[in-house]
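Take a look at the structure below.
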Amino acid sequence: MLSIAAIALWLVTIAVAVFFFIRGHTRVAPDGRTAVLLASDERDLVLTEMRGMLETVQVVVDGVKTGDMKQVAQAARASGAAAAADVNPALMAKLPLEFKQLGLSVHKRFDEIATAAGSGASSEQLLASLSTQLSACVACHGSYRLDAVTPATK
């Protein structure tokens, strides 16, 4: 009987963990988007990463404009998957699954842009890839916002 209770408790714990991994720490914001609830330092970290990706987009566009594919590849690689490798698991647990999927796809696409630039892709091909990239950014910003919360407002 004790074994069955332990297994049941274990299954409930797994189910709750999966639920929060998928849902994250969120609520519906007044503007209709999903508010991701983060500590101030976590919010600052994510926003800094997003500003870094925006800077990458600017450097990539500038590199495409001037024909400097080395600049394009270097800038895109800096925001690639390696940039997301050291994310704190506690922060990742607070992010909803779709947010995580969008973010990881953006990092992966930066790697693809870097590879394409290094492989002789045309300016038009690179701009098409960047356009797809920006569509993910627009979708994410249209669906989510990051709200800083204090322990008392969680």
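A few notes on this one:
- When restricted to residues that are more than 16 Å from the chain's Cα centre (by Cα) and among the acidic types (Asp, Glu), the range 113-147 contains 1.
- Flag for Ala29 being under 16 Å from Arg145 (Cβ atoms), in contact (Cβ under 8 Å) with a residue 24 or more places away in the chain, open to solvent by less than 20 Å² (accessible area, probe 1.4 Å) and touching an Asp or Glu at 6+ places or on another chain (Cβ under 8 Å): yes
- Qualifying positions in the range 88-98 - open to solvent by less than 50 Å² (accessible area, probe 1.4 Å) and assigned to a loop (DSSP other than H, G, I, E, B): Leu95, Pro96
- For Gly103: the one exception among (1) closer than 23 Å to Arg33 by Cβ; (2) of a type in the set (Gly, Ala, Ser); (3) open to solvent by less than 20 Å² (accessible area, probe 1.4 Å): (3)
- Test for Ala90: is it modelled with pLDDT under 95 and within 15 Å of Val46 (Cβ to Cβ): yes
- Residue, nearest to Cys137 (Cα to Cα), within the range 106-125, restricted to residues that are among the polar types (S, T, N, Q) and loosely packed, with under 14 Cβ neighbours inside 10 Å: Ser122
- If you check Val61, Val57 for being in contact with a Cys (Cβ under 9 Å, 6 or more places away or on another chain), modelled with pLDDT of 95 or more and of a type outside the set (Lys, Arg), only one passes: Val57.
The values are calculated or read from the model by the stated rules, or taken from the named source; none is laboratory data. It should be emphasised that the depicted structure is a prediction, and the values quoted were computed from it without experimental measurement. Neighbour counts run over all protein chains shown; Cβ positions are idealised from the backbone, glycine included. Accessible surface areas use protein heavy atoms only, side chains included; no ligands, DNA or RNA. Shrake-Rupley method; radii C 1.70, N 1.55, O 1.52, S 1.80 Å.
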